[in-house]
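What follows is a single structure, written as structure tokens, with notes after it.
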Amino acid sequence: MCNTSACDTLPTPRRNVDIVRARAFFRAMSITVAALQRYPVKGLSAQSLDAVELRAGCTIPHDRRFAVAHGTAPIDPAAPKWLAKAHFLQLMSNPRLAALAVEYDPETTALALKRGGRTVARGVLSTQTGRTVIEQFFAAYMKAELRGAPRLVDRGEQAFSDADAPFLSLINRASVADLERVVGQPVDPGRFRGNILLEGAAPWTEFGWVGRRLRIGAAEVEVVERIGRCAATNVDPATGQRDLTVPRDLLRGFGHADCGVYACVTLGGRVSVGDSVTVLG
């Protein structure tokens, strides 16, 4: 089941945010959903969606539902609980994961992994045989970086997110464009592995939404906190190469290492690409 209590006890923002400038933009902006994404397997590539039905206290269905745990991880595959990302294969430590493309069927949990356009592994993750096939692939593909035999674990309606809460991550396309100005080259928003990409907002306005409610399509969310960024954002999601220093550039250009915000769904509803986003208060 989804964790609706997490929305009733939202954590307080970790940072003091100057929202005066942001508030001035709220009424004038026309903000829309530019993209919807989920990541069926933690650390692997995104699956783009045209629309999604959100539920209160839940992540996007099947987002980070699965993860590949190191053999040394203190996790029970029969009843997996949230663990810090260091216990799993993840981009910050394992950039080779970016070379793998994911095809996933939520109805059957069939997963196909592709590399260079060629299918390298396929399995139905709801079956032991299917999980074993995927585990064997990672045992070979990530052999030098694994700590013990890999285990593919399934958290059901919960998620192996970086935060131990059922949050969505919202990324403001204009903030990424402003970061490009500092970096001096294009920055793929995919580096930030967000669920909802927004356009039409002024750069960094999203930080002023912390503690406020948004209507996104037919759903409502409460923005919880800014997202601090780690070295995973240095990895090009298309090549798997560490070619940027995003946290350092954020600090250099803006005095913080944050990009995007976490939000908790407080009212379920359908969200589609192109839907409007309204700041409610």
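The values are calculated or read from the model by the stated rules, or taken from the named source; none is laboratory data. Here the structure is a predicted model, which means the values were calculated and not measured. A quick note on method: Cβ atoms are made from the backbone with ideal geometry, for glycine too, and the neighbour counts reach across all protein chains shown.
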(Q) Can you find a residue that is touching a Lys or Arg at 6+ places or on another chain (Cβ under 9 Å), outside the structural domain of Gly200 (by TED's automatic domain parsing) and not in a loop (DSSP other than H, G, I, E, B) anywhere in segment 38-46? (A) no
Q | Residues of segment 254-281 classified as in contact with an Asp or Glu (Cβ under 7 Å, 6 or more places away or on another chain) and charged (D, E, K, R), total | A | 1
Q: Please go through segment 171-189 and pick out each residue that is in contact with an Asp or Glu (Cβ under 8 Å, 6 or more places away or on another chain) and farther than 21 Å from Glu225 by Cα.
A: Val182, Val183, Pro186, Val187, Asp188
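Here is a yes/no grid of residues against (1) in contact with a strand residue (DSSP E or B) (Cβ under 6 Å, 6 or more places away or on another chain); (2) assigned by TED's automatic domain parsing to the domain that holds Phe137; (3) modelled with pLDDT of 95 or more:
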position	(1), (2), (3)
Thr72	no, yes, yes
Ala78	no, yes, no
Pro95	yes, yes, no
Ala101	yes, yes, yes
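Can you report the number of residues in segment 245-281 which are basic (Lys, Arg) and buried (at least 16 other Cβ atoms within 10 Å of the Cβ)? Quick ask: steps written out before the conclusion?
Step one: of segment 245-281, the residues basic (Lys, Arg) are 248, 252, 270.
Those left that are additionally buried (at least 16 other Cβ atoms within 10 Å of the Cβ): none.
The total comes to 0.
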Q: Give segment 174-212 a look and list any residue that's buried (at least 17 other Cβ atoms within 10 Å of the Cβ) and among the basic types (Lys, Arg), or say none.
A: Arg191, Arg193, Arg212
Q: Inspect segment 45-57 for any residue being farther than 24 Å from Arg173 by Cα and not aliphatic (A, V, I, L, M) and give the result as yes or no.
A: yes
Q.
Can you pull out every residue in segment 103-157 that is at pLDDT 95 or above, surrounded by fewer than 16 Cβ atoms within 10 Å (Cβ to Cβ) and closer than 23 Å to Cys2 by Cβ?
A. Asp105, Pro106, Glu107, Thr108, Ser126
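Scan segment 56-77 residue by residue and report those that are touching a Ser or Thr at 6+ places or on another chain (Cβ under 6 Å) and closer than 21 Å to Phe137 by Cα.
Going residue by residue through segment 56-77, those that are touching a Ser or Thr at 6+ places or on another chain (Cβ under 6 Å) are 56-57, 64.
Answer for segment 56-77, where residues must be touching a Ser or Thr at 6+ places or on another chain (Cβ under 6 Å) and closer than 21 Å to Phe137 by Cα: just Arg64.
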Q: Find the residue count for segment 72-91, including only residues that are in contact (Cβ under 8 Å) with a residue 24 or more places away in the chain, outside any loop (DSSP other than H, G, I, E, B) and not basic (Lys, Arg).
A: 1
Q.
Pull out all pairs, ordered by first then second residue, where Cβ-Cβ is under 7 Å, the residues are six or more apart or on different chains, the first lies in segment 114-125 and is in the same structural domain as Leu100 (by TED's automatic domain parsing), and the second is modelled with pLDDT of 95 or more and small (Gly, Ala, Ser).
A. Lys114/Ala101; Thr119/Ala112; Arg122/Ala112; Gly123/Gly130; Val124/Ala110; Val124/Gly130
Q | Odd one out for Glu157, checked against (1) within 26 Å of Asn234 (Cβ to Cβ); (2) out of contact with any strand residue (DSSP E or B) (no Cβ under 6 Å at 6 or more places or on another chain); (3) of a type in the set (D, E, K, R) | A | (1)
